[in-house]
Amino acid sequence: MSDANAPRIALLGVPIEIGASQLGTLMGPDALRTAGIGRILNQLGFAVEDHGNMAKPDAAAAEGPPPANAKYYDTIKGWIRALSERSYTLARSGAVPIFMGGDHSLSMGSVNGVARYWQEQGRPLFVLWVDAHADYNTPQTTETGNMHGMSAAFLCGEPGLDNLLGGAPRASIGPDQLDLFGIRSIDPEEKKLVFERRVAIADMRAIDEFGVGVLIRKVIERVRARNGVLHVSFDVDFLDPTVAPGVGTTVPGGATYREAHLIMELLHDSGLVRSVDVVELNPFLDERGRTARVAVELIGSLFGLQITDRRTPSNAVLPGNGSG
């Protein structure tokens with residue numbers, strides 16, 4: 001029997017793949033379900049509402065020529081407008097929404113809707129962009145034209161996709177409310193823009209030097225100091241390809257399994273996370289569902305799954321001390 005007072009999580013699949021260069025992420029939401037995302041959250045005491053997958057929106061009416069260097073703009077525009085509205089509605093319902101992708105272009109809708117809700121509550125939304133890539137390109141800086149690489153820039157109000165939402169509110173965040181975490185691939189013009197905007201970056205060099213614990217606590221402290229809430233936009237290519245091979249844009253030198261779990265556990269302890277994206281899982285490129293399982297385990301850690309019931313050096317009875 002479910003507890004009527006249990007905290008609620010709303011799952012929404014967003015099977016969009018044309019924002020990326022490689023097809024296959026439209027299968028991501030169902031792979032996460034198969035790997036047990038709903039089951040593990042339910043076991044943690046949440047009332048899980050699965051809203052299914054969004055249907056591909058009807059083509060929007062032409063509104064003049066699309067921006068140059070923004071591939072599939074008109075189709076993605078339909079997804080983003082529909083998702084922004086769904087995201088706002090889910091956040092307003094009181095549930096914690098988890099948007100299951102799909103490529104990272106979906107964040108232009110998911111985060112916009114959530115940010116709009118929190119603006120109405122008078123609390124700033126901070127975004128932790130856990131990703132191998134900065135995704136801070138604009139149509140003017142992009143080398144590929146793939147819109148999944150423009151999502152963080154759009155969220156920070158950068159120009160170039162100004163009519164993406166049509167008449168719906170664009171609830172931009174400030175560049176000081178974005179943290180790029182785990183970055184190890186960034187285009188030259190994109191890099192200039194990130195530095196001009198003074199976006200906080202914890203790249204893999206910083207992670208190697210200081211450790212994820214120190215760096216994540218800095219993010220948490222900044223959010224808490226401004227009475228903010230946190231959206232975690234988790235691209236599975238943040239992980240090293242040896243841990244998570246099922247992505248279309250693998251970059252060597254990513255986070256280890258242990259580092260990723262520590263990040264999620266510290267975020268859970270903070271109590272600040274109010275919404276999540278899980279993006280760029282490509283089951284077509286995966287090895288027997290390994291990446292989907294890892295992603296689900298990490299989401300479990302983000303929502304309170306712990307290993308304290310196992311014998312660890314801190315709680316085990318050591319040999320010779322009466323363990324028998």
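Here, each number is a calculation from the coordinates, and none is a lab measurement. Predicted model only: the values in this text are computed from it and were never measured. Counting neighbours? That spans all protein chains shown, and the Cβs are built from the backbone with ideal geometry, glycine included.
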Q: Taking all pairs of distinct Cα atoms, average 1/r, flip it, and tell me the Kirkwood hydrodynamic radius of region 185-268 in Å to one decimal place.
A: 14.3
(Q) Just to be sure I understand: if I project the alpha-carbon convex hull of region 1-139 onto a plane and average over all orientations, what area do I get in nm²? (A) 10.1
Q: Take residue 22, project a point 7 Å from its Cα along the Cβ direction, then tell me which residues of region 216-236 have their backbone nitrogen under 14 Å from it.
A: 236
Q: Let me know the number of lysine pairs in the chain closer than 23 Å at the Cα, not counting same-chain pairs under 8 apart.
A: 5
Q.
Please compute the alpha carbon radius of gyration of region 90-227, then divide it by the globular-protein estimate 2.2 N^0.38 Å. Two decimals is fine.
A. 1.04
**Q.** Rg/Rh for region 1-78, where both radii come from Cα atoms and Rh is the Kirkwood radius
**A.** 1.14
Q. Which value, in debye to the nearest 20, describes the size of the charge dipole of region 66-201 about its Cα centre when Lys and Arg Cβ atoms bear +1, Asp and Glu Cβ atoms bear -1, and nothing else is charged?
A. 360
Q. Helix 257-270 versus the longest principal axis of the chain: what is the Cα-based angle in degrees, 0 to 90, to the nearest 10?
A. 90
(Q) Using the Kirkwood formula on the Cα atoms of region 1-40, what hydrodynamic radius do you get, in angstrom to one decimal? (A) 12.2
Q. Highest mean first, what order results for 19-28, 164-173, 272-281 on Cβ atoms within 10 Å?
A. 272-281, 19-28, 164-173
Q: Give the peptides 177-183, 87-93 in descending order of average Cβ contacts within 10 Å, highest first.
A: 177-183, 87-93
Q.
Beyond 24 Å, how much of the Cα-Cα pair distribution for the chain remains, as a whole percent?
A. 51
Q: Mind pulling the angle between the C-alpha long axis of helix 188-197 and the longest principal axis of the chain? Nearest 10 degrees, somewhere in 0 to 90.
A: 80
